[in-house]
Every structure is written in C-alpha cells, then in structure tokens.
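Asks: I am attaching a structure below and will ask some questions about it afterwards.
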Amino acid sequence: MKKTIAIFAFMIVAQIAIAQDASRADVKKLIELTGGDAQIAVAKKKVLEMIPEAKQTEFLKEFDMSLIGYLAKIEDFYIKEYTSEDIQKMIVFYETPIGKKMKSKAGLQAESSMSAIQSWSVELQGIIMKYMK
C-alpha cells in the first residue's frame, strides 16, 4: 500500500514538473517574442562602455552567467502571475504584425526609457532635497 501511494505521489509530482517545464518553455518563448533580449542587449552595451577594453571579455562571461538567474526570476514571475492560457494568448499577440513591431522597437524603447529615467532621477533629486531641508 505504501509503495502504491509513493508511486502515485511521484506520478503527480512528475506531472506537475512537466507542466511547469511546458509553461517555462512558453514563457521563454514569450520573453523572446516581446524583445526582452533586445532590452538586455541595450543594457549590456551601456555597461560594457564603462569596462576597460582589456577586461571586457571576462566581464562578458560573467555578465552572461548572471543572466541565467535573472531570466529564471523573470520566468518565475510570469509562471506565478499568469495562467498558461494567458501566456498562450500573449504569444499569439506577439506573433501578430503589431506584436512583431513592438519587438522590433524594444531596444529603442529600452534606450529611451533609460534616458528618461536618468533625466527624471536628476529632477527628482532636486525635489527630494527641497523637502528634506
């Protein structure tokens, strides 16, 4: 009896793991379709400009390794917050012409956002200082 329960429990756990893997694969596809990789490329380029050329090769290895954990956290967020059906619908959207256009503009959008955040943070510092006095 204990063996039967153990086998049954193992089968359930295995099915859940398979379901999560399927969702994780779909989430990876969604992240690619949304242009997430282009946004990372923009950030990588900006940071690389701050690294001396002689150290860039080693830096890039570590940068790429750090992405593994980062992307896993992003995938975890999608899996937690969206159903498989939601993810499938997003994939369908990003495969449409407007979805593809959004992906093609993701790098530009990331650059524009970085610039806007930098400008805003300078302005915000002034506002904060005004109220800290």
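The values are calculated or read from the model by the stated rules, or taken from the named source; none is laboratory data. Everything numeric here is computed off the predicted structure, so don't read it as measured data. Ideal geometry is used to build each Cβ from the backbone, glycine not excepted, and the neighbour counts take in all protein chains shown. Protein only, heavy atoms only, side chains kept; ligands, DNA and RNA dropped before computing areas. Shrake-Rupley method; radii C 1.70, N 1.55, O 1.52, S 1.80 Å.
Asks: Any chance you could look up the accessible area of residue 86 with a 1.4 Å probe, heavy atoms only, rounded to 10 Å²?
Replies: 60 Å²
Asks: If R₀ is 30 angstrom, what is the calculated FRET efficiency for the pair residue 102 and residue 129, using the beta carbon separation as r and rounding to 0.05?
Replies: After rounding to 0.05, the efficiency reads 0.20.
Asks: Multiply the residue separation of residue 71 and residue 32 by 0.36 nm, subtract the distance between their alpha-carbon atoms, and state the gained length in nm to one decimal.
Replies: This chain segment gains 12.9 nm when fully extended.
Asks: For 57, 96, give the ranking by accessible area with the largest first, probe 1.4 Å. Write out the running numbers ahead of the final one.
Replies: Working: 57 90, 96 45 Å².
The ordering from most to least exposed comes out as 57, 96.
Asks: Continuing with the same structure: Can you put 32, 62 in order of accessible area, largest first, using a 1.4 Å probe?
Replies: Descending accessible area places them as 62, 32.
Asks: OK, next. Take the cross-link list 55/103; 45/105; 45/103 and give me the ones stretching past 21 Å between alpha-carbons.
Replies: Over 21 Å Cα-Cα: 55/103.
Asks: Keeping all protein chains in place and using 1.4 angstrom, which order do 27, 47, 92 fall into by accessible surface area, from largest down?
Replies: 92, 47, 27
Asks: Calculate the spin-label point distance for residue 81 paired with residue 50, positioning each point 7 Å from the Cα along the beta-carbon direction, and give it in nanometres.
Replies: Label-label distance for residue 50 and residue 81, simple model: 2.5 nm.
Asks: Show me, for the range 79-94, the HN-Hα J-couplings you get by feeding each phi into the Karplus relation (A = 6.51, B = -1.76, C = 1.60, θ = phi - 60°), rounded to Hz, glycine and proline as x.
Replies: 3J(HN,Hα) across the range 79-94, in whole Hz: 5, 6, 8, 10, 7, 4, 5, 4, 4, 4, 5, 5, 4, 4, 4, 6.
Asks: Would you kindly derive the ³J(HN,Hα) couplings of the range 61-74 from the backbone phi angles with the Karplus curve 6.51 cos²θ - 1.76 cosθ + 1.60 (θ = phi - 60°), listing them in order in whole Hz, with x for Gly and Pro?
Replies: 3J(HN,Hα) across the range 61-74, in whole Hz: 4, 5, 4, 5, 5, 5, 5, 4, x, 4, 5, 4, 5, 5.
Asks: Related question: Have a look at 41, 78, 59 and report the one farthest towards the positive end of the charge dipole of the range 26-86, computed about the Cα centre with Cβ charges (Lys/Arg +1, Asp/Glu -1).
Replies: Going by the charge dipole, the pick is 59.
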